[in-house]
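So that we are looking at the same thing, I have put the structure below in structure tokens.
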Amino acid sequence: MAKAGTGSKLIIMSRGKIKFIIAIAAIALTLAYLVYGGVKDTMVYYFTVEELKERIPSVYKEKVRVSGTVVPGSIKKDIDGNLEFKITDGDQSIDVRYKGIIPDIFRDGVEAVVEGIYTPENVFQAKILLAKCPTKYEPANPANKKEST
């Protein structure tokens, strides 16, 4: 009979371990799901203008980032703060609409990255506008540079 009592303690300990393992597995799965969901929501495809246009119509209403150069003379800002401009990759261009904070260095010819959705009306509705800084310093007056050397 002593053996029966010892066996029941083993069964009880095994059940406790099983419950602990199930609890740890549930916590791990919950954390993995939360991480996956967070990454999935912040994940955005990055395209050039040409790549975006190649993916029409599957790209409509999908959150994407597009990189291109602001077309000179295309920037239009209205009284309400809405900004309209075009970006190009050199071959193709898209119309962009944006409302928000405009970067100080945003102007004609600057490389820009916009994040938002491309609509069936072929207008990119940007929620985020980033202007890339030049990668090298260029003096404001090249003539001064020649005189100093």
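The values are calculated or read from the model by the stated rules, or taken from the named source; none is laboratory data. This is a predicted model, so every value here is computed, not measured. Here Cβ is always computed from backbone atoms with ideal geometry, including for glycine, and neighbour counts include all displayed protein chains.
Name the residues in the stretch 51-64 that are of a type outside the set (A, V, I, L, M, F, W, C) and either part of a strand (DSSP E or B) or modelled with pLDDT of 85 or more (or both), would you? Let's see the steps before the verdict.
Residues of the stretch 51-64 that are of a type outside the set (A, V, I, L, M, F, W, C), as a first pass: 51, 53-55, 57-58, 60-63.
Listed by number, the residues that qualify are Y60, K63.
Given the conditions (1) of a type outside the set (S, T, Y); (2) in contact with a helix residue (DSSP H, G or I) (Cβ under 9 Å, 6 or more places away or on another chain); (3) at pLDDT below 85, which single one is not true for G68?
Just one mismatch for G68, condition (3).
Now for a separate question. Any residue at all in the stretch 103-110 that is aliphatic (A, V, I, L, M) and over 21 Å from Y45 (Cβ atoms)? Steps first, please.
From the stretch 103-110, those aliphatic (A, V, I, L, M) are 105, 110; that's our starting set.
From what's left, over 21 Å from Y45 (Cβ atoms): 105, 110.
Taking every residue of the stretch 103-110 in turn, at least one turns out to be aliphatic (A, V, I, L, M) and over 21 Å from Y45 (Cβ atoms).
Among the residues of the stretch 111-122, how many are touching a residue at least 24 places away in the same chain (Cβ under 8 Å) and exposed (fewer than 15 other Cβ atoms within 10 Å of the Cβ)? Even if it seems obvious, please write down each step before you answer.
At the first step, the residues of the stretch 111-122 found to be touching a residue at least 24 places away in the same chain (Cβ under 8 Å) are 111-120, 122.
With the extra rule that they be exposed (fewer than 15 other Cβ atoms within 10 Å of the Cβ), the set shrinks to 119-120, 122.
Final tally of qualifying residues: 3.
Just to be sure, is S8 over 38 Å from the mean Cα position of the chain (by Cα) and at pLDDT 60 or above? Spell out the reasoning first.
Details: over 38 Å from the mean Cα position of the chain (by Cα): yes; at pLDDT 60 or above: no.
Here the answer is no, as S8 does not meet what is asked.
In addition: Hey, can you tell me all the residues within the stretch 78-96 that are not in a loop (DSSP other than H, G, I, E, B) and not hydroxyl-bearing (S, T, Y)? Full working, then the answer.
Step one: filter the stretch 78-96 for residues not in a loop (DSSP other than H, G, I, E, B), giving 82-88, 93-96.
Selection gives N82, L83, E84, F85, K86, I87, I94, D95, V96.
If we keep just the residues of the stretch 57-77 that are more than 15 Å from G116 (Cβ to Cβ) and in contact (Cβ under 8 Å) with a residue 40 or more places away in the chain, which is surrounded by the most Cβ atoms within 10 Å (Cβ to Cβ)?
Residue satisfying both the conditions and the ranking: V70.
Name the residues in the stretch 65-77 that are touching a strand residue (DSSP E or B) at 6+ places or on another chain (Cβ under 8 Å) and part of a loop (DSSP other than H, G, I, E, B), would you?
Going through the stretch 65-77, the residues touching a strand residue (DSSP E or B) at 6+ places or on another chain (Cβ under 8 Å) turn out to be 65-71, 74-77.
Across the stretch 65-77, the qualifying residues are V71, S74, I75.
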